[in-house]
1. For the ranges 41-51, 309-319, what's the packing order if you count other beta-carbon atoms within 10 Å of each residue, average per peptide, and put the highest first?
2. So how many Å³ per residue does the convex hull of the Cα atoms of the chain work out to?
3. Once you have all Cα-Cα distances for region 256-354, histogram them in 10 Å bins from zero and send the whole-percent values.
4. Output the direction-averaged projected area (hull surface divided by four) of the convex hull of the alpha-carbon atoms of region 291-406, in nm².
5. Can you tell me the relative contact order of the chain? Whole percent, Cα pairs under 8 Å, sequence separation 6 or more.
6. Could you tell me whether region 162-264 comes out rounded, prolate or oblate from its Cα gyration tensor? Rule is a ≥ b ≥ c as square roots of the eigenvalues, rounded for a/c under 1.5, then prolate if a/b exceeds b/c, otherwise oblate.
7. Hydropathy at least -0.5 by Kyte-Doolittle, axial extent at least 15 angstrom from the Cα trace: which helices of the chain, defined as entire DSSP H runs, fit?
8. Hey, can you rank 241-250, 257-266 by average C-beta count inside 10 Å, highest first?
Amino acid sequence: MSTSVLRLPSVHNAHQLDSPEFAALLETLTAEFSATAEQHDRDASFPHGNFERLHELGLLGLTVPRALGGLGANLAQTTRVVAAVARGEPSTALVLTMQYLHHASDRKTRWPQHLLQRVIDETLRDGALINALRVEPELGTPARGGLPGTIARRTPEGWRISGRKIYSTGIPRLTWLGVWARSDDAEPLVGSWLVRRDTPGISVIETWDHLGMRATGSHEVVFDDVLVPLDHAVEVAPAGSAPDIDASLLLWMSVLLSAIYDAVARSARDWLAGWLEGRIPANLGAPLASLPRFQEALGELDAWLFSNRVLIDAATSGAIAPVDGFRVKYLVTNQAIRVVEKAIELSGNPGLSRSNPLQRHYRDVLCSRIHTPQNDTILVNSGRAAFAARAAGAAGASGAANTIHNTPLAGTAGISSISAKEAS
């Protein structure tokens, strides 16, 4: 079982994720994935070929710890990979991000050892993908509270799971599903049951026809008395238990989601710059790029993208505390939207033409708003913490204020199992 990231003789399993050769490989992947991105968007077809390529290069196990046979990439290295993939085809990057978050999480070390080893072996050997299925038609996202309608019924032969999930990102290619459910006990357990995709009783209803990120294959999934072993209840706890928060994973999630949409915005910026250089109105006799108005506008876009880069780099280098990760997501994704909106404003009708990628970038970047936690949750909790800190400071209780400031934002329980396609 080889995990050599470049599959090149000169690498010899060194996994040189910071090397110029690896950077060049990422540029190649961007170009490869860009070539088919428009067709996947039109068809809402799943980019299987992209994942075959990523598996060929050993990149589906990027965040699997080295002790378990993976590449053990850190946040900065993982961010570069996600950004490069997103520059080419962002739906691929979103499914890949969920894979990376699951394998980077320390929580899976609490799973039964044989089950953990099986999931990792299938990842490295077969290119198996994993994601959480949490959102339900009636419940919406569990990040805003409520018990799932999906029921895990305890029987002598194992758990029998029945329910319905929507926004199941990556389901056309997933091997392992983390199914958010509750047990049928008088005092129910709530959490994730690990289910293999090929288990009898699972059916996929192809309902995904979204405005943006159309290639994620986020279809509806129905579980009809699906049998799994008792030890597949891998992350469950009594309903109402205090949430098990992994602060470092929250930062990873915020940064990787930010990197996806920043990459989309950079693609939009590049399209606009090229269009301005090539557009020569008859009454001007020179490219629009020669006009100060458009030079200033491109400078404004680059300033927003510079801000994004500074924020992402600071987060990946450890200069931003995990508790502030959601603020990074808020700032980067909103600035990414502003970049693409400004590009459309400047280009007019050409930017909205289906023959140009700018309209696709706009539809994709808007999806940044639906990822948990949404903007309102980030801002409300940030403001609440600020007022609480002021009140504690006025009372001379700086210790209490510090405790409040370092409490993770609300609505993040079980974030390592939250699907990136959750919506209210």
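1. 41-51, 309-319
2. Expressed per residue, the convex hull around the Cα atoms of the chain is 155 Å³.
3. For region 256-354, the pair-distance distribution reads 15, 42, 25, 13, 4, 0.
4. Averaged projected area of region 291-406's Cα convex hull equals 9.5 nm².
5. Dividing the mean separation by the residue count of the chain yields 17 percent.
6. On the way: a/c = 2.29, a/b = 1.21, b/c = 1.90.
It comes out oblate by the Cα gyration axes.
7. 20-43, 75-88, 90-104, 247-278, 292-316, 325-347, 375-394
8. 257-266, 241-250
The values are calculated or read from the model by the stated rules, or taken from the named source; none is laboratory data. Note that the coordinates shown come from a computational prediction; the quantities given were computed from them, not determined experimentally. Heads up, the Cβs are rebuilt from the backbone with ideal geometry, glycines too, and the neighbour counts pull from every protein chain shown. Remember, those area values only see protein heavy atoms, side chains included, never the ligands or the DNA or RNA. Shrake-Rupley method; radii C 1.70, N 1.55, O 1.52, S 1.80 Å.
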